[in-house]
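First the structure, in the form of structure tokens, and then the observations on it.
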Amino acid sequence: MNIKTLGIDLAKNVFRVHGVDALGKTTLQRALRRRQLLLFMAQLPPCLVGMEACGGAHYWAREIAKLGHQVKLMSPRFVRPYVKSSKNDARDAEAICEAVARPSMRFVAVKSQTQQDVLALHRVRALLIRERTALMNQIRGLLAERGIVVAPGAANLRRAVADLLGAEDHRVSAILRHILVEATERLRSFEQRLADYDQQILHFARWDARTVRLMAVPGVGPLIATALLATVGDARQFKSGRQLSAWLGLVPREHSSGERKILLGISKCGDRYLRTLLIHGARSTLYYAARKHDRRSVWLTGLRERCGANIAAVALANKNARVLWALLSRNEEFRAPAAA
């Protein structure tokens, strides 16, 4: 079978494949069950295989690459313009086959199993934090209904609940007391599990020499270092640090025409979780910048005075993203800024 390029529309059970020869003529249109896909790919000569970067795509990319094929993943929003007429699985596979052969197409690096393991830790940890926050907000709401207002902060809430459970208060009935005891146990369980995930992430951060180099940058800790390395992998897929920063959504959106240049707020495209971590890390650096006198801190303090803390934090996150790209792509050590 003469197939030069193959597009695969991934699904849970039924996969659709579309193949073309060297001249772009359609030579294959077929539906395959999940168990048939790898057997079918093993019978094909090596070719270019395109898939959308969706759920399960990295697993299938690794397995198909083991059979000698060249596999490339693409963002679904870059494939959508190539879909003809109404959408169905066959047209999706055809669009993927067309898009993967475009010389200007942007591709997603295939993640290894270790990268996916680290990202799984981050995803579960983020879900636990959301669940813990929801539980704490519910406790605050229940206490507020009884006229008990707790000061902001997790420590204040724990202290207030412990005081209420340890004393007799007419506002706390037996039913509410039982609810608070159960909620406190759940909250303690969340914190223990979070501490366990933090330890596992710290183990990965200390195990890899690349993350150790990244953590030398002010505002970058084990969370940012491991999340960036697991998400990006090989930083050389980006031509410059600005490309990485733009991929993270830390650069302004542009709406220009002719000689009129208009820059708006940051684009917020890309990985929201990683962008949030970088900005939070920049906020921690911004907090201590006023006490330091190196060039980086002086620039950051001046920017904060001129534009405000939020803009300064995003600007520092943008700068940190470029620095991290340089450390990863060039295998260099971070050089601390000199005194102003």
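Taking the listed residues L67, L119, L73, the one that is within 13 Å of D9 (Cα to Cα) and touching a helix residue (DSSP H, G or I) at 6+ places or on another chain (Cβ under 8 Å) is L73, with no other qualifying.
Residues considered: R291, R275, R296, R322. Of these, the only one that is of a type in the set (K, R), under 20 Å from V220 (Cβ atoms) and in a loop (DSSP other than H, G, I, E, B) is R291. Only one of the numbered conditions (1) touching a helix residue (DSSP H, G or I) at 6+ places or on another chain (Cβ under 9 Å); (2) buried (at least 21 other Cβ atoms within 10 Å of the Cβ); (3) under 30 Å from A120 (Cα atoms); (4) not aromatic (F, W, Y) is violated by L48, and that is (2).
Please specify each residue of segment 181-213 satisfying the condition of being in contact with a Pro (Cβ under 9 Å, 6 or more places away or on another chain), surrounded by fewer than 16 Cβ atoms within 10 Å (Cβ to Cβ) and either closer than 15 Å to Q138 by Cβ or of a type in the set (A, V, I, L, M) (or both). If the condition is that a residue be in contact with a Pro (Cβ under 9 Å, 6 or more places away or on another chain), surrounded by fewer than 16 Cβ atoms within 10 Å (Cβ to Cβ) and either closer than 15 Å to Q138 by Cβ or of a type in the set (A, V, I, L, M) (or both), then L202 is the only one that fits.
Given the structure, is R242 among the charged types (D, E, K, R), within 23 Å of R123 (Cβ to Cβ) and surrounded by 15 or more Cβ atoms within 10 Å (Cβ to Cβ)? It is false that R242 is among the charged types (D, E, K, R), within 23 Å of R123 (Cβ to Cβ) and surrounded by 15 or more Cβ atoms within 10 Å (Cβ to Cβ).
Scanning segment 170-180 finds no residues that are buried (at least 16 other Cβ atoms within 10 Å of the Cβ) and assigned by TED's automatic domain parsing to the domain that holds V323. Looking across segment 56-84 at every residue that is farther than 20 Å from K4 by Cα and touching a strand residue (DSSP E or B) at 6+ places or on another chain (Cβ under 6 Å), the one that is surrounded by the most Cβ atoms within 10 Å (Cβ to Cβ) is identified as A57. Give the residue, chosen from I224, I311, I262, that is surrounded by fewer than 15 Cβ atoms within 10 Å (Cβ to Cβ), in contact with a His (Cβ under 9 Å, 6 or more places away or on another chain) and outside the structural domain of D117 (by TED's automatic domain parsing). On inspection, the qualifying residue turns out to be I262.
Here F190 meets each of (1) closer than 25 Å to Y273 by Cα; (2) touching a Lys or Arg at 6+ places or on another chain (Cβ under 7 Å); (3) not in a helix (DSSP H, G or I) with one exception, condition (3). If you check V212, V217, which single one turns out to be hydrophobic (A, V, I, L, M, F, W, C) and outside any helix (DSSP H, G or I)? Checking each option against the conditions leaves just V217. Right, R283: surrounded by fewer than 16 Cβ atoms within 10 Å (Cβ to Cβ), more than 17 Å from the chain's Cα centre (by Cα), not assigned by TED's automatic domain parsing to the domain that holds A53 and not aliphatic (A, V, I, L, M) or not? Considered against the rule, which asks whether it is surrounded by fewer than 16 Cβ atoms within 10 Å (Cβ to Cβ), more than 17 Å from the chain's Cα centre (by Cα), not assigned by TED's automatic domain parsing to the domain that holds A53 and not aliphatic (A, V, I, L, M), R283 comes out as no.
The values are calculated or read from the model by the stated rules, or taken from the named source; none is laboratory data. Treat the numbers as computed from the prediction; the structure is a model and nothing was measured. Methodologically, a virtual Cβ is constructed for each residue, glycine included, from the backbone with ideal geometry; neighbour enumeration extends over all protein chains shown.
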